[in-house]
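Colleague: Handing you this structure, nothing more for now.
The values are calculated or read from the model by the stated rules, or taken from the named source; none is laboratory data. If you're wondering where the values come from, they're calculated on a predicted model, not measured in any experiment. Every residue, glycine among them, receives a Cβ derived from its backbone with ideal geometry; neighbour counts consider all protein chains shown.
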Amino acid sequence: MYNRFLNAAYAIEVINGRLNGSSDNVENKKSAFDNVSYIKKIGNKATVSAQCQKYAIKRFAEKEGYELSKKIKNGKKIYTPTLPHKYIDEDVFGFMRADKEELNTEQFDQLKEEERKTFSKNKNKYVRNITKKRRSRFMMSPLINVSNSKINVEWNVASTEGDYMPYTVETSAGIFVGISNINISNISQFTISKIDSEYRDYSVKEFNQEDIKVSNYDKLERIKTVLKGLQYLSIQGNQNNYLTDTSPKFIILGEYSWGNNVFQGIIKRNGVDVEALEETLEENENFRLSDIWIGVSKRIISREYENLKDKLKSSFKKNDYVHISTVKEAFDNYFIHLCKSFECEK
């Protein structure tokens with residue numbers, strides 16, 4: 001059985017925004033003012049971390065009715081439930097938990113019945129030995145501003161009684177580019193092992209395979225939900241003062257059985273490099289498992305994208321497996337392919 005990896009590359013357009021803040025103690029302080037609100041960056045390029053994007057996708061899944069795992073504080077330690085068959089975020093984004101957990105009776109009584117089964121009683125404590133780790137099935141890069149290396153600085157004043165306080169705020173603008181790989185084959189596929197050092201989702205004492213089985217329908221719905229979270233990506237950031245539409249305005253989707261993300265490097269400073277796309281499709285043809293869906297939004301302002309859809313249609317008119325459309329149509333048509341493939345797997 002081959003592995004199915006959905007490769008994606010996408011771009012969001014920021015007119016002027018603050019999407020991912022940074023800590024004062026990791027910055028090279030070049031401002032004349034002590035009060036500076038920084039944004040995350042690599043070198044001088046503004047970025048949005050993968051964790052920030054995943055947080056937005058988890059929020060979307062919660063909006064769609066999925067229950068997310070809740071962290072439990074026990075003394076100075078924080079635990080997660082590690083029940084990926086139950087929680088979509090643990091299934092899709094993985095976890096790492098290496099510890100022995102002890103709960104008192106009051107904490108134990110607050111757990112749901114399903115989680116209580118994973119503990120054994122030792123005197124007045126409820127104990128479970130936990131060393132479990134699950135690789136993320138949804139791998140993401142940071143979003144990086146490829147079109148503008150300048151960090152903008154705004155000067156502001158906060159009024160106080162009888163005085164004022166000057167401060168500066170960093171912002172960014174441009175085309176932010178990211179890539180992701182989704183391991184379609186291994187979402188909702190779980191490993192039970194008695195060996196602590198292995199990647200495992202459950203120990204042999206917790207559940208058997210039937211207890212943690214997720215239906216093909218539910219697996220499909222989980223995949224569609226996290227992909228819609230990417231399609232309608234809504235990064236909170238500082239939206240109070242810098243309202244920004246962070247949904248992708250360009251997307252390319254395609255399934256491959258092997259290798260790195262084949263679409264990395266096709267979105268550059270001056271737009272989409274069509275020749276680079278032609279080259280990578282040819283180089284990776286042996287591993288292609290699906291058609292290629294490309295979506296371009298009419299709402300993108302950058303001039304480099306004005307005639308992109310026509311250029312792509314002209315370049316790939318002989319490649320019947322490459323489909324050029326809107327962003328929504330690209331996702332919708334991939335969902336149709338996904339649903340058909342799951343019907344075949346039943």
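Colleague: For the structure I just gave you, tell me whether V92 is of a type outside the set (G, A, S), under 30 Å from N16 (Cβ atoms) and at pLDDT 90 or above. It would help to see each step written out before you state the result.
Modeller: Working: of a type outside the set (G, A, S): yes; under 30 Å from N16 (Cβ atoms): no; at pLDDT 90 or above: yes.
Criteria not met by V92.
Colleague: List the strands (runs of 3 or more DSSP E) that sit entirely inside the range 87-143 and contain at least 3 residues that are surrounded by 13 or more Cβ atoms within 10 Å (Cβ to Cβ) and within 16 Å of the chain's Cα centre (by Cα). Full working, then the answer.
Modeller: On the way: elements: 95-103, 120-122, 125-134, 138-140.
Hits in the range 87-143: 138-140.
Colleague: Which residue out of K219, K205 is under 30 Å from I251 (Cβ atoms), of a type outside the set (A, V, I, L, M), more than 17 Å from the chain's Cα centre (by Cα) and outside any strand (DSSP E or B)?
Modeller: Step by step, each of K219, K205 is checked, and only K219 is under 30 Å from I251 (Cβ atoms), of a type outside the set (A, V, I, L, M), more than 17 Å from the chain's Cα centre (by Cα) and outside any strand (DSSP E or B).
Colleague: Quick check: anything in the range 253-264 modelled with pLDDT under 95, touching a Lys or Arg at 6+ places or on another chain (Cβ under 8 Å) and surrounded by fewer than 20 Cβ atoms within 10 Å (Cβ to Cβ)?
Modeller: No - not one qualifying residue is present in the range 253-264.
Colleague: How many residues, within the range 289-324, are buried (at least 16 other Cβ atoms within 10 Å of the Cβ), polar (S, T, N, Q) and touching a helix residue (DSSP H, G or I) at 6+ places or on another chain (Cβ under 7 Å)?
Modeller: 2
Colleague: Given the criterion of a type in the set (A, V, I, L, M) and closer than 28 Å to A61 by Cβ, identify the matching residue among I187, I301, I266, I195.
Modeller: I187
Colleague: Cβ-Cβ below 7 Å, separation at least six or inter-chain, first residue in the range 143-168 and among the charged types (D, E, K, R), second surrounded by 12 or more Cβ atoms within 10 Å (Cβ to Cβ): which pairs?
Modeller: Correct list of pairs: E154/T168; E154/V169; E154/T171.
Colleague: If you don't mind, there's one more thing I want to ask. Does the range 185-195 contain any residue that is out of contact with any Lys or Arg (no Cβ under 9 Å at 6 or more places or on another chain), part of a strand (DSSP E or B) and either surrounded by fewer than 14 Cβ atoms within 10 Å (Cβ to Cβ) or not hydroxyl-bearing (S, T, Y) (or both)?
Modeller: no
Colleague: I'm trying to understand the selection: among the residues of the range 222-243, which are among the hydrophobic types (A, V, I, L, M, F, W, C) and in a loop (DSSP other than H, G, I, E, B)?
Modeller: Listed by number, the residues that qualify are L233, I235, L243.
Colleague: Is it true that some residue in the range 160-170 is under 30 Å from L6 (Cα atoms) and not in a strand (DSSP E or B)?
Modeller: no
Colleague: Being over 28 Å from K228 (Cα atoms), in a loop (DSSP other than H, G, I, E, B) and small (G, A, S), is that true of even one residue in the range 36-53?
Modeller: Checking the range 36-53: at least one residue is over 28 Å from K228 (Cα atoms), in a loop (DSSP other than H, G, I, E, B) and small (G, A, S).
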